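Engineer: Please find one structure pasted underneath; my questions will follow.
The values are calculated or read from the model by the stated rules, or taken from the named source; none is laboratory data. Everything numeric here is computed off the predicted structure, so don't read it as measured data. Using ideal geometry, Cβ is built from the backbone for each residue, glycine included, and neighbour counts are taken over all protein chains shown. These area figures cover heavy atoms from the full protein model, side chains too; ligands, DNA and RNA do not enter into them. Shrake-Rupley method; radii C 1.70, N 1.55, O 1.52, S 1.80 Å.
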Amino acid sequence: MIHFVILNNRQGKVRLTKWYSTYSQKERSKVIRELTGIILSRGPKLCNFVEWRGLKVVYKRYAGLYFSMCIDQDDNELETLDIIHHYVEMLDRYFLNVCELDLIYNFHKAYYILDELLLAGELQESSRRTIARLVAAQDSLVETAREQASLLGDLVKQAM
Amino acid sequence: MASTTSSIMDTLFQRTLEDLIKGLRLQLIGESAFISKALDEIRREIKSTDPHTKSNALQKLSYLSSLHHFDMSWAAFHVVEVMSSSRFSHKKIGYHAASLSFSDSTPVLLLITNQLRKDLTNPNNEFEVSLALECLSRIATTDLCRDLTPEIFTLLSSTKIFVRKKAIALVLRVFEKYPDAVKVCFKRLVENLDSTDPHIVSAVVGVFCELTSNDPKSYLPLAPEFYRILVDSKNNWVLIKMLKIFTKLVLLEPRLAKRVVEPVCEHMRRTGAKSLMFECVRTVVSSLSEYEQAVKLAVVKIRELLLDDDPNLRYLGLNALSIVAPKHLWAVLENKEVVIKWLSDEDPNIKRESLRLVMAMVSENNVVEICRVLVNYALKSDPEFCNEILGSILSTCSRNLYEIVNDFDWYVSLLGEMSRILHCQQGDEIENQLIDISMRVRDVRPELVRVGRDLLIDPALLSNHFLYRILSAAAWVSGEYVEFSRNPFELIEALLQPRTNLLPPSIRAIYIQSAFKVLIFCLHSYLLQRESTASSYPDTSALSELASKREMPEGSDLATFKAHSHSEQDEVFNPRVSNQSSEELSVGNGGGRTISHGQTSTPVTSENSFTYEAVVNQLNLIELALGPLTGSHDVEILERVRNLLCFIELIKGEILESLVQNEENLNSAEMKSSKIIKLMSDAFSEELGPVSVSAQERVPIPEGLALKENLNDLDMICGDIQLPSSISFSLVSTHYEEGVGASLPDLQSKEELEPPSEATSLLAEHRKRHGLYYLTSEKNDIVANDYPPANDPKLQDNQNNDTEDLVKLTEQLLVSKKRPNQAKPRPVVVKLDGDVVPVSAKRPGPKDDSLSGAVQEVLLGSDTKTSTSRSNPSDKSSSKRKGKEKLIIDPSSELNENLGDAEKLDRENPSSRRSKHRTHGKERRHKSPGKIREEREENGQKEKKKSSHRHARHKTRQRADVPLNVVSETPVIPDFLL
């Protein structure tokens, strides 16, 4: 299974983390520090796998962003690379030419997409179209709620 | 009123998440100040009664928590509040925050059960259901799982695919936390395997893949379903998972392998997806390695991977090759060039993998060449990889007591060479091995001393602190085995060279101690030589010789010395070495080494090596070099320097005096000092070795010491005195002392087991007096100085006959010379006490956890149910199984076969196979050295058999629970197994 997902940029700034195994807050920051160090120090033409604490970390760089997933020793590295690619494509489709800024400002949306892709550390949906549809449907639910909220805000403003 | 206005104000002027992020990005320096200000705001806002404000604050908090790692456990209650909001957008934020921050120990988890239940059963909004499922998959505790199992069970057959697949994925966590849920959910989970929807199948297969990897045995009965998916599915994601499942199952059930191997190969041939192809390869190499064709195909694919430009594929290819290596070494050998080529890849991971493979190829036939290649690579590599290479050479060669090393002279000089590599940081390991080898392998000691000398004499090495440990080993070896040195004087100079002040005190102390040993050796040899010249030559010639020596300047003195030693020793050296072992044995080990040393050292130091002049020079040198150290602050150094200097003071006067006197008085004049020197030399030449743990047991109980006598009549004797028991005990011991005539201190000193520094003469005296307490002679001969050969613990027992042993050994020497491939016989490697004889690792017993128990129960239970309800046409799965039923010929024969399989299974157990493999290798290797070797080998084999027997016994114990299963499963499994 996938133990966690980390997105960080070339400067080591973390853009997204998702933990499917239990790590305390302290462990999380330690793991991130350790792994970003390892991954950023690796050159461009090297393989995308790093053995780490008896697990394997599969990472891939897209533009300035590194997507890393940590998997078990006997998991398939190439499959994990595919999952990463899958996620990136989905982000790309959702944000239309995704860039780092999109992820910075819409970090929760990046999470929601990831939640549709992975569950309990397993790939649960391999169809890009389905995920796009599901995310859109939930977005619209959120939007109506927000409109209502802003309506309320307007009313309050008027009242004052 | 005030609170409402403030909340309205909060609502109106609250910073949104976007504001927070923007603000953060503008802060170049004061980021932490900004964040703490934001956190203060959040703390206020989150208490707001307005759900929008609250959820917004929570969203900001989860942002800071997930990306800046701020603790948000304090807000747990607010998370629950937001989760229970009726608005979807709020709920979503709440659930997200919960899955981010909750852990098993979060107290508010008790509060959310009902909320989750409500959301899980929400009929209107499937997205709310999915939110609850996602969150549960992360935070579910045992309590939550127990309480919500009914809801999850219902969702497992939900008509909404979107919900059902998430419920399936969640089951994994539920089973893990609350195994009893298996009774409820498992059957429905299995039914989902038959689903026509690919998403559902994918989700179920994912769950089973994880379950199987933890406990494959329980899921064996599902093999038919899995097989169907393996054959039918077109989805690569699913196929990869399926292959992973079969990798585990096949190891348990060989019949399954027969069925699976063809579809796996088919997938491997056909697929264009590298990930699937690689998974097929991995399945074959790790679980189907008995199938020659499949392995061949896999190796072809591996070769493709190895030659690919993509570093990922290269890495995986090497990876797969290292899995296949233990069973099919030919696969590695076939790709030898490629593997070695990737040693110089720019990717450290690939280099490391290929290094592992190269090490896997090492055998006693090619170890020399491979090590040469590797050392060359090490010279070219970056420091880190260089050390990895050196480390793996060291660990491979020393494996199982240097099993693969035949030529220790080569290995020792390799160690010396490795020490000189610039980046070498393996000082500790090399130090250990140098000393270990020096103790185990007698024949290699001359070479060791030579290597040690080369290291010691090079002043450049003293500036590299990684080498200090090696240098200390070299110093120790040169001191301990100085009799093999070609030029002891040179050694003293090396040991005392000025740059040694760079060494840490502990190592410097070793240097000084070694110098002491060397000096003693020189003096002793000098004296021996004097005696021999005095007796064999006429006085005048000896004197004139001395005089001529004295006239020479120091430098030329040394030069002639070197010339002498080279010309002479090259001839004298080797034959002596090869004879040495037999010689020593023939002398016997009573006080053995000193005597043989006396004999053997004469040829080395023959004639003019130890001149008066040279000895005096050395004494002066030592005094000069160590004088300043008498003020050292380090106790170890101080102690040793004092010892050495005092010793010199003691003897120097007489030695100087002796020159002035006549040759005739010489003997009497030097009497005193020579006695001292002889004593010290005896002390130092006593071989050091570890004391056996069981040494105490070998001491026979002295006669008359009645340990088991009933002490009841003590009361009668001591009845009048009425002492406390402890004192009466001591009375008894004195009573025994008197009776036996031995004193307690003597017993104790015996127990200390011959302190090695004690002079042999003293020991001999002691032995004469207290012979009673010494080991019986024949045993003693073997035990005291000789260690049994490594890997052959049995030998100890049947070596009671000395002469026989000697014959054996000499024969072995003769016979082993005939071995065709090797120029030299492999020297005897002795087993030192305390060695742990490597035993093949025990296989950890099957984890009999509650989950697997529950799964088996359900699987077997459900099967009996299905078999009873088989007539029911609505039961889809059972009707399917009916088709398979035809395949079963005879259930009773099936049962037998099954038991047979269980046995076969045991044989297939990788660890036992490996050990068998090893013994095979041994047999082949030792066949040539002839009878004795074989005899020994037989003993070894006996031992091996014993151990394997033990192993088997262990196995049967382990199997004790298996047959139970077999019995209970036999009526069922045949239905399932294809």
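Engineer: For A:GLU51, are the conditions met, namely being open to solvent by 10 Å² or more (accessible area, probe 1.4 Å), closer than 30 Å to B:ASP104 by Cβ and within 9 Å of chain B (Cβ to nearest Cβ)?
Structural biologist: Working: open to solvent by 10 Å² or more (accessible area, probe 1.4 Å): yes; closer than 30 Å to B:ASP104 by Cβ: yes; within 9 Å of chain B (Cβ to nearest Cβ): yes.
When the stated conditions are applied, A:GLU51 passes them.
Engineer: Hey, any hits in region B:308-318 for a residue that's closer than 23 Å to B:VAL260 by Cβ, open to solvent by 10 Å² or more (accessible area, probe 1.4 Å) and either in a helix (DSSP H, G or I) or of a type in the set (Lys, Arg) (or both)?
Structural biologist: Checking region B:308-318: not a single residue is closer than 23 Å to B:VAL260 by Cβ, open to solvent by 10 Å² or more (accessible area, probe 1.4 Å) and either in a helix (DSSP H, G or I) or of a type in the set (Lys, Arg) (or both).
Engineer: If you don't mind, there's one more thing I want to ask. Residues in region B:245-282 that are open to solvent by less than 50 Å² (accessible area, probe 1.4 Å), part of a helix (DSSP H, G or I), over 18 Å from B:LEU321 (Cα atoms) and within 13 Å of chain A (Cβ to nearest Cβ): how many?
Structural biologist: Selection size over region B:245-282: 2.
Engineer: Is it the case, given these coordinates, that B:PRO179 is farther than 20 Å from A:LEU117 by Cβ and in contact with an Asp or Glu (Cβ under 8 Å, 6 or more places away or on another chain)?
Structural biologist: Values: farther than 20 Å from A:LEU117 by Cβ: yes; in contact with an Asp or Glu (Cβ under 8 Å, 6 or more places away or on another chain): yes.
Yes.
Engineer: Just give me the residues in region B:195-209 being touching a Lys or Arg at 6+ places or on another chain (Cβ under 9 Å) and closer than 20 Å to B:ALA854 by Cα, in sequence order. Break it down stepwise before answering.
Structural biologist: We begin by selecting, within region B:195-209, every residue touching a Lys or Arg at 6+ places or on another chain (Cβ under 9 Å); these are B:195, B:197-200, B:202-206, B:208-209.
Within region B:195-209, B:VAL204, B:VAL205, B:GLY206, B:PHE208, B:CYS209 qualify.
Engineer: Here is a further query. When you look at A:LEU35, is it more than 15 Å from the chain's Cα centre (by Cα), of a type in the set (A, V, I, L, M, F, W, C) and either surrounded by 15 or more Cβ atoms within 10 Å (Cβ to Cβ) or not in a helix (DSSP H, G or I) (or both), yes or no? Let's see the steps before the verdict.
Structural biologist: On the way: more than 15 Å from the chain's Cα centre (by Cα): yes; of a type in the set (A, V, I, L, M, F, W, C): yes; either surrounded by 15 or more Cβ atoms within 10 Å (Cβ to Cβ) or not in a helix (DSSP H, G or I) (or both): yes.
Answer is yes for this residue.
Engineer: B:SER218 - would you say it is within 11 Å of chain A (Cβ to nearest Cβ) and part of a helix (DSSP H, G or I)? Outline the logic, then answer.
Structural biologist: Numbers: within 11 Å of chain A (Cβ to nearest Cβ): no; part of a helix (DSSP H, G or I): yes.
In short, no.
Engineer: Which condition breaks for B:PRO326 when tested against (1) touching a residue at least 60 places away in the same chain (Cβ under 8 Å); (2) in a helix (DSSP H, G or I)?
Structural biologist: Unmet for B:PRO326, out of (1) touching a residue at least 60 places away in the same chain (Cβ under 8 Å); (2) in a helix (DSSP H, G or I): (2).
Engineer: Hey, another quick one. B:ASN376 is checked against (1) more than 30 Å from B:VAL441 (Cα to Cα); (2) without any contact (Cβ under 8 Å) to a residue 24 or more places away in the chain and fails just one. What number does that condition carry?
Structural biologist: The failed condition is (1).
Engineer: Having 3 or more residues that are in contact (Cβ under 8 Å) with a residue 24 or more places away in the chain, in contact with a Phe, Trp or Tyr (Cβ under 9 Å, 6 or more places away or on another chain) and within 14 Å of chain B (Cβ to nearest Cβ) is the bar; report the helices (runs of 4 or more DSSP H) wholly within region A:57-127 that clear it.
Structural biologist: Numbers: elements: A:77-95, A:100-105, A:107-117.
Filter on region A:57-127 gives A:77-95, A:107-117.
Engineer: Got at least one residue in region B:409-427 being outside the structural domain of B:ALA515 (by the TED database) and touching a strand residue (DSSP E or B) at 6+ places or on another chain (Cβ under 7 Å)? Steps first, answer last, please.
Structural biologist: Of all residues in region B:409-427, those outside the structural domain of B:ALA515 (by the TED database) come to B:409-427.
Restricting the remaining residues to those that are touching a strand residue (DSSP E or B) at 6+ places or on another chain (Cβ under 7 Å) gives none.
No: region B:409-427 contains no residue that is outside the structural domain of B:ALA515 (by the TED database) and touching a strand residue (DSSP E or B) at 6+ places or on another chain (Cβ under 7 Å).
Engineer: Then there's this: Here is a list: B:VAL338, B:VAL358. Which entry is more than 14 Å from chain A (Cβ to nearest Cβ), buried (at least 22 other Cβ atoms within 10 Å of the Cβ) and either out of contact with any strand residue (DSSP E or B) (no Cβ under 7 Å at 6 or more places or on another chain) or not in a helix (DSSP H, G or I) (or both)? Write out each step before concluding.
Structural biologist: Working: B:VAL338 fails: buried (at least 22 other Cβ atoms within 10 Å of the Cβ).
So the residue among B:VAL338, B:VAL358 that is more than 14 Å from chain A (Cβ to nearest Cβ), buried (at least 22 other Cβ atoms within 10 Å of the Cβ) and either out of contact with any strand residue (DSSP E or B) (no Cβ under 7 Å at 6 or more places or on another chain) or not in a helix (DSSP H, G or I) (or both) is B:VAL358.
Engineer: Sticking with this structure for a sec: Out of region B:364-400, which residues are touching a Lys or Arg at 6+ places or on another chain (Cβ under 7 Å) and of a type in the set (A, V, I, L, M, F, W, C)?
Structural biologist: Listed by number, the list holds a single entry, B:PHE385.
Engineer: Quick one: which of B:LEU189, B:LEU170 is in contact with a strand residue (DSSP E or B) (Cβ under 9 Å, 6 or more places away or on another chain) and either under 19 Å from B:ARG146 (Cα atoms) or surrounded by fewer than 19 Cβ atoms within 10 Å (Cβ to Cβ) (or both)? Walk me through how you get there before you give the answer.
Structural biologist: Numbers: B:LEU189 fails: in contact with a strand residue (DSSP E or B) (Cβ under 9 Å, 6 or more places away or on another chain).
Answer to the check: B:LEU170.
Engineer: Yes or no: B:GLU623 exposed (fewer than 15 other Cβ atoms within 10 Å of the Cβ), at pLDDT 70 or above and touching a helix residue (DSSP H, G or I) at 6+ places or on another chain (Cβ under 7 Å)? Full working, then the answer.
Structural biologist: Working: exposed (fewer than 15 other Cβ atoms within 10 Å of the Cβ): yes; at pLDDT 70 or above: yes; touching a helix residue (DSSP H, G or I) at 6+ places or on another chain (Cβ under 7 Å): yes.
The answer is yes for B:GLU623.
Engineer: A further question follows. Condition check: at pLDDT 85 or above and more than 9 Å from chain A (Cβ to nearest Cβ). Does B:CYS209 satisfy that? Write out each step before concluding.
Structural biologist: Values: at pLDDT 85 or above: yes; more than 9 Å from chain A (Cβ to nearest Cβ): no.
Criteria not met by B:CYS209.
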